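Student: My questions all concern the structure below.
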Amino acid sequence: MNLVLFMLVLYCHQFPPTKHTYYYQNNSVSPSRLSLSPTRKQAIMVGHGRYTTEKVTYPSHGEIVAGVLFRPTNVSNPPGVVVIGPYSFIKEQAPLQYATRLADEGYAALIFDPRTVGESSGTPRRLENPVMKNEDAVAGLDYLVGRGDVDASRLFLVGICQGGPESLDIASYDDRVRGVASVSGYFRDHETDIYMICAGCVAWEPGADIASMKMPTPEQGEALYKARLERAKRARELYDKTGEVVYQPLVDPQVADPTTGSLAGLPGPVVWSWYGPWTLRNFENRYAVMSDLDHFGYTTVPGVAKLDKPALVIHGDNCMNGPAARRHFESIPTKHKKLIWDNDVSHFQHYDQPDAIDRNIGEIAAWFQQHGETVA
């Protein structure tokens, strides 16, 4: 079986049809429903695609960020939302899936390539720096405010995977944000960073229950974490002395050894099952190793603990490190918060599986509509 066919089979096996059970906490809201509307040639079609697509650029800390704005055609002066994607994201991945649906719900939705990634400027290329991504998202809010055709009093953030907790973090200090939603978050604390590294050591096979598979021991995880930081320090020293950038793959299908680890940023077959097909497209499968210092030096714990904006968290046992999600949610001081716990949807299904995303968007839109003007 050739590599492309193998990846397609692996991908399809990961996403069987599922049933969905929700657990609600605080301010339960029913999902919004898409309506039917007439379209061209007198046909009756589902009301999707009611938006314009505009390629945009905006400045961020001396560089130019490339983005796409999806603006609803049936709403004047719509509220705005910036969508932040997972670790290593480009705008065409999960952010695109959420932004188009948010535009159908009446939001001007902005997606972007972070600086040094994709169509955005910045060198060295392919830095994995969450602080820079947060800055680019804030610059995206600046851009929406400056357009004049977006309601600057109703701005929101939506994030997937690492972008979820980053969105919660940004909302804790940017007073323009009226509400925020995190989907299947990579919650940034030390325990989850160890989890992220150890996940590459899991020898997953199609159809297997990821949650039940054996991970490396805590001691092995700590050792892998320290080794990765040491590798990043050496790469940073080399760059500072010579200007040379050390790159390694972002994703690799090989199972990482629990004692020696992997050189890839996100190793192992679990991650490859989703990212693998993207390596055949416009996803640059490499990252600057020195940026691990920036990545692992970032945490969302203190910011989320100060969040006073209406916050929606969608997570589950088959997402990344459920206990960290619960800890973050419980630390949010505002009473205007809601946790949806869905054990029937896996982490990567939240990225691009249509029915899962439709439900998420229904919850997000309803949450923003109900709490967008709430002051905690």
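Throughout, read-outs are computed from the coordinates displayed, never taken from laboratory work. The model shown is predicted, which means the values in this text are computed figures rather than measured ones. In this analysis, Cβ positions are derived from the backbone assuming ideal geometry, glycine residues included, and neighbour counts consider all displayed protein chains.
Student: Here is the link list: Lys226/Lys335; Lys55/Lys133; Lys233/Lys335; Lys133/Lys338. Which ones come out longer than 30 Å on Cα distance? Walk me through the numbers on the way to the answer.
Tutor: Details: Lys226/Lys335 38 Å; Lys55/Lys133 19 Å; Lys233/Lys335 42 Å; Lys133/Lys338 25 Å.
From the list (Lys226/Lys335; Lys55/Lys133; Lys233/Lys335; Lys133/Lys338), the Cα-Cα distance tops 30 Å for Lys226/Lys335; Lys233/Lys335.
Student: If amide hydrogens are placed 1.01 Å from N in the peptide plane, which non-local residues have theirs closer than 5 Å to the one on Ser60?
Tutor: Val65
Student: Could you name the aspartates and glutamates whose alpha carbon sits less than 17 Å from that of Lys306, not counting residues in the same chain fewer than 8 places away?
Tutor: The reachable aspartates and glutamates, counting only those whose Cα sits under 17 Å from Lys306, are Glu166, Asp169, Asp174, Asp175, Asp189, Glu330.
Student: Farthest toward the dipole's positive end in segment 297-374, which of Ala366, Asn321, Val301, given Cβ charges of +1 (Lys, Arg) and -1 (Asp, Glu) about the Cα centre?
Tutor: Val301
Student: A further question on this structure: Take every DSSP beta bridge whose two residues both sit in segment 219-376, then give the antiparallel share in percent to the nearest 5. It would help to have the intermediate numbers written out before the result.
Tutor: Details: 3 of 10 bridges.
The antiparallel proportion sits near 30 percent.
Student: May I pose another question? Run a plain Debye calculation on segment 252-376 (Cα atoms as equal point scatterers, no solvent) and give log10 I(q)/I(0) at q = 0.09, 0.20, 0.21 Å⁻¹, rounded to two decimals, same order as the q list.
Tutor: For segment 252-376, the Cα-only Debye profile gives -0.37, -1.27, -1.29.
Student: Now a separate question. So how do Thr279, Thr73 line up by other beta-carbon neighbours within 10 Å, fewest first?
Tutor: Thr73, Thr279
Student: Another one. According to the square roots a ≥ b ≥ c of the eigenvalues of the Cα gyration tensor, what is the shape class of segment 211-311, taking rounded for a/c under 1.5, prolate for a/b larger than b/c otherwise, and oblate for the remainder?
Tutor: Rounded.
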